[in-house]
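> Just dropping this structure here.
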Amino acid sequence: MALSDDQRALLRLLLSGDTYEQVADVLGTGAGEVRTRAHEAAGALEEAPDREFPPEAVRQRLDALERPSDPVQAQSPAASATSGRRRPWALWLTLGAAAVAVVVVLVVVISGGGGDDGATTTTRGDQEDVVPIKLAPVGESKASGMISVVRVADQPAVDLAIAGLAPSGQGESYVLWFVGSGGRSLPVAFQAVGADGKLTGRTPIPTAAEGLLPSFTTVELTLAGQRDAATAVQRAAQSSTLPQVVGTPVMRGALR
């Protein structure tokens with residue numbers, strides 16, 4: 001079975017240097033629970049390898065975490081304090097869709113709820129409805145492809161089918177945004193891109209965001225630094241609104 005989004009998020013945190021205790025502190029759970037989840041994720045990798053998480057690297061990291069005296073678990077007080085200040089936003093970026101849900105719920109509550117204005121292009125039902133959206137490269141980008149807004153059993157989602165992207169660097173992610181007036185945007189997908197240059201897969205759209213979808217007119221793919229994206233989201237949360245698009249535009253298309 002392929003890794004779940006939660007398992008991928010957990011492994012990213014651990015491989016970036018966090019310990020079971022540090023992750024548990026962020027998630028509000030126990031270190032033992034985090035350890036169990038991590039080993040379950042490692043087991044899933046043995047059955048369904050993932051290019052982002054080489055099984056051997058994951059096993060080595062988990063083995064190191066089993067040794068309390070291992071220096072990889074030790075941090076200076078200053079480093080620990082810095083990590084503690086930034087970790088909630090690093091976790092936001094790692095979890096992606098879960099964070100989007102938090103932002104959207106905040107906006108919906110403040111605006112009094114998002115009603116359907118009839119502009120949606122899909123219908124409810126158990127069948128899969130698909131609305132293809134072709135994307136065009138921006139600037140010097142050589143990328144090509146499309147996204148599809150789909151609905152399966154009343155769950156909206158986005159299918160990605162993009163190729164020709166430059167590999168993302170350390171601390172970078174490709175971010176897919178739904179953009180509305182004033183540049184206020186909903187980040188719907190975060191994903192690193194490897195040497196094959198492909199961005200694929202399905203990303204669910206949080207149900208809380210569904211009422212906002214008719215207000216977005218453009219889809220934009222950017223290559224963004226994770227720290228920059230975190231700052232944009234933090235500022236948006238402080239002002240109780242959606243973030244502005246951040247990053248270098250790579251592709252763009254019309255939602256309607």
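> Out of the residues in segment 1-58 meeting the condition of being of a type in the set (Ser, Thr, Tyr) and modelled with pLDDT of 80 or more, tell me which one is surrounded by the most Cβ atoms within 10 Å (Cβ to Cβ).
TYR20
> Considering only segment 128-209, give the strands (runs of 3 or more DSSP E) lying wholly within it that have at least 2 residues that are open to solvent by 30 Å² or more (accessible area, probe 1.4 Å) and not β-branched (Val, Ile, Thr).
128-137, 144-152, 155-163, 185-191, 199-204
> Out of the residues in segment 210-228 that are open to solvent by less than 20 Å² (accessible area, probe 1.4 Å) and within 18 Å of VAL130 (Cα to Cα), state the one that is modelled with the highest pLDDT.
VAL219
> For the list (1) touching a residue at least 24 places away in the same chain (Cβ under 8 Å); (2) in a helix (DSSP H, G or I), I need the number of the one condition that GLY17 fails.
(2)
The values are calculated or read from the model by the stated rules, or taken from the named source; none is laboratory data. None of these values were measured; they are calculated from a predicted model. Backbone-built Cβ (ideal geometry, glycine too); neighbour counts: all protein chains shown. Accessible surface areas use protein heavy atoms only, side chains included; no ligands, DNA or RNA. Shrake-Rupley method; radii C 1.70, N 1.55, O 1.52, S 1.80 Å.
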